[in-house]
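The values are calculated or read from the model by the stated rules, or taken from the named source; none is laboratory data. Quick caveat: nothing in here was measured; it's all calculated off a predicted structure. Reconstructed Cβ throughout: ideal geometry from the backbone, glycine too, with neighbour counts over all protein chains shown. For accessibility, only protein heavy atoms count, side chains too; no ligands or nucleic acids. Shrake-Rupley method; radii C 1.70, N 1.55, O 1.52, S 1.80 Å.
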Amino acid sequence: MERIVTCHLIFRAGYECIHSSVIRIPKQANERMARGHMIYYSACQPAILLLLSGLQLVHMQSAPRFTRTPTDQIGVQGGVASFVCQATGDPQPKVSWSKKGKKVTNQRFEVIEFEDGSGSVLRVQPLRTPRDEGIYECVAANEIGEISASTRLGVLREDQLPAGFPSIDMGPQLKVVERSRTATMLCAASGTPDPEITWFKDFLPIDTNTHGRIKQLRSGGDALKDSHSLCSDSLLVL
């Protein structure tokens, strides 16, 4: 009679590996107990298998947890709005977007996922008022649980913009540079208070903490002056 035991793969030739954690022991093998471990001996080819009695290595799973939640935005009709949502957990949570309890489905709505599967960006373009206004929900779910975060989108017409509303005075220009050379792009915006500029690449936000080649530089000024942001990449080819 053959025995099937689970074990760590510490063995020599003569034992058949069924899968990563199961080994078939030939019926002619002798066995004995020693200090809580099962030690098997083969008359032909000695081998030692260490088995921790009754111990199972359990893979710990965890419920979803947000690492980045979307923030409320007010956009201009005909413009664009991008909401970022990322989560962690084990298994990796799946991030989805909805409005009024229904999944967002529209040609003007695009969901761009991060390459590492950590989340996605909901991009709305061009904005329409009042159709696109309302509450949007980001849901992160895995086998353990589900969490959600809400954000609000407002859309104004050009004649509704309040004084000091942010405007881009100079956007980044298309550039072509040699490989291994530095590319510098300028974005200038004005508004009251001083606008905060965020850079995106392929519609995904650039994290300068994880992209060692990319740096963002800012030149200060008061609320009435432009806020400048420089994004440079020594290997960026546009």
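Protection proxy ranking, highest mean first, for peptides 196-209, 128-141: 128-141, 196-209, where packing is the per-residue count of other beta-carbon atoms within 10 Å, averaged. Using the Cβ-Cβ distance between Q92 and E133 with R0 = 25 Å, the FRET efficiency computed as 1/(1 + (r/R0)^6) comes to roughly 0.20. As a calculated quantity, the FRET efficiency between K100 and E158 at R0 = 30 Å, using C-beta atoms, amounts to about 0.65. Specify whether the C-alpha gyration tensor of region 53-170 places it in the rounded, prolate or oblate class, a ≥ b ≥ c being the square roots of the eigenvalues: rounded for a/c under 1.5, otherwise prolate if a/b is larger than b/c and oblate if not. Prolate is the answer for region 53-170, as a/c is 1.5 or above and a/b outweighs b/c.
I168 sits with roughly 120 Å² accessible to a 1.4 Å probe, with DNA, RNA and ligands left out of the calculation.
Within the accessible area of region 62-159, the carbon and sulfur atoms contribute 44%, probe 1.4 Å, all protein chains present.
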